[in-house]
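Below is one structure, written out as structure tokens; the observations come after it.
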Amino acid sequence: MRILLLALSALLALSAAVNSYLYAELELLKAQLSASKNTDKNAIKVKPERQPHPLVIAANYAFNQRDADNALLNLSLIENTLPEMLEVTKNQWFEEIKTHLYQHTATQKDNVFVEEFLKAYPYDPYFLYLEIEFAHLKNASTETLLDLYHLKRSPMRADLKGLITQRIADIYRDRTDKLKRLEAWDILAIMLESLLNMAPNDTNMMLDLAHAYAMQRAFDLMEGVLIYLPKDHERVIALREFQSSLSQEKTQNNPHDEPEIASHPSAVALKKVNSHYIVNALLNERFNAHLMIDTGASTTVVSQQVFDALPSDVKPEFIGNYNISTANGLVQSPVYQFNQLSVGDFYVKNIAIVVMPLEHFSADGLLGMNFLRAFRFEIDQGKSELILSPLAR
């Protein structure tokens, strides 16, 4: 009997252990199933990434090849069947070409694609902006700023308007800084006169124009600009003080006194042609040019033929294309910065020179006031000599 009781106790203990194990396993299985269900639910919530539509793929492939015909054909189909993708696709193309322009890696194919795109979408402001940038790349002229101002007046999104505003500021600063450095005040004034019509309330532009007039001693024109600006503006005050200082110098000088002649004058032989005089000049210390003295020319000019003949190591820095005042009106011409222009023993460094076609002209160009005003000069007609001497300080 005792043995039987011991056996039953052992059996009951074994059964309890087995039941406890099985219960634990069942709970573990429930937990795993619950986690699996939660994972499945989460997986349902995360949608697989949507694949681009075949039309978009085809359009982008053609664009990457710069195949304008097929790219624009597919873009037209997108416009009709997937209108929500039209602007997205166009913006992607715009950003890629714009990046190439800014990184100076744009190609002729990029330019042609922009031209073809605008035939299909002639009023798209983004691609009109690219067209202006390509024109600027080929022919850096004042027209770039005028075109940007015109485009900015068109309806467009804020991001493009901000981009154009910044681009105008950058190009304007670059051009004005270069012309000021070269003291090409007449060229600067002509540029600003045209731009001011597009931005009549731009205080900085008005001050730059007044400055350009003042440096040409055109004080009536300077005052015509300053009357629209606050009298207490520091640059307005400085310009009027500049005018006043020059007036005081004239008053202090006795007009009957002989002008003070500075030391070390130099006589340079002239060649007389009719009523004009031609002097031999040296461009960048190496290249001879025969220039006609013209005190009515604000900026020195050389002919296109002379410029094309310059050796490669004498080529000057291109500044841009600007409207130049001539006897026949305004003519757009390239302006270059030469390291040096010399006449006899005298020279001017970093001087602006305009390049123009001068057919049937008796000289290689004109020696203008941007060289002559740096010295005291006179022409001895009896000896056919140009007398140059340093300005008295």
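Side notes on the structure shown:
- Scanning the stretch 140-159 for residues that are polar (S, T, N, Q) and surrounded by 19 or more Cβ atoms within 10 Å (Cβ to Cβ) yields Ser141, Thr142, Thr144.
- Those residues of the stretch 293-320 which are under 23 Å from the mean Cα position of the chain (by Cα) and surrounded by fewer than 18 Cβ atoms within 10 Å (Cβ to Cβ), in sequence order: Lys315, Glu317, Phe318
- For the stretch 335-393, a residue qualifies if it is aromatic (Phe, Trp, Tyr) and either on the phi > 0 side of the Ramachandran plot or in contact with a Ser or Thr (Cβ under 9 Å, 6 or more places away or on another chain) (or both), and the qualifying residues are Phe338, Phe346, Phe361, Phe371, Phe375, Phe377.
- Qualifying residue in the stretch 230-252 (condition: of a type outside the set (A, V, I, L, M, F, W, C), over 28 Å from Met206 (Cα atoms) and at pLDDT below 95): yes
- Some residue of the stretch 267-283 being outside any strand (DSSP E or B) and within 29 Å of the chain's Cα centre (by Cα): no
- Residue check, Ile351 crowded, with 18+ Cβ neighbours inside 10 Å and β-branched (Val, Ile, Thr): yes
Per-residue answers, yes or no, for (1) over 26 Å from Lys90 (Cα atoms); (2) surrounded by fewer than 19 Cβ atoms within 10 Å (Cβ to Cβ); (3) not hydrophobic (A, V, I, L, M, F, W, C):
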position: Lys161; (1), (2), (3): no, yes, yes
position: Gln166; (1), (2), (3): no, yes, yes
position: Arg175; (1), (2), (3): yes, no, yes
position: Leu196; (1), (2), (3): yes, yes, no
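- Any hit, the stretch 354-362, residues being closer than 28 Å to Leu330 by Cβ, surrounded by 16 or more Cβ atoms within 10 Å (Cβ to Cβ) and β-branched (Val, Ile, Thr): yes
- Test result for Asp186, more than 30 Å from Pro52 (Cα to Cα), touching a residue at least 60 places away in the same chain (Cβ under 8 Å) and not assigned by TED's automatic domain parsing to the domain that holds Pro334: yes
- Residue count for the stretch 210-232, restricted to those that are basic (Lys, Arg) and in contact (Cβ under 8 Å) with a residue 24 or more places away in the chain: 1
- Test: Glu96 is surrounded by 11 or more Cβ atoms within 10 Å (Cβ to Cβ) and modelled with pLDDT of 55 or more: yes
The values are calculated or read from the model by the stated rules, or taken from the named source; none is laboratory data. Given the structure is predicted, the values throughout are model-derived calculations rather than measurements. No Cβ is skipped: glycine too gets one built from the backbone with ideal geometry, and neighbour counts run over all protein chains shown.
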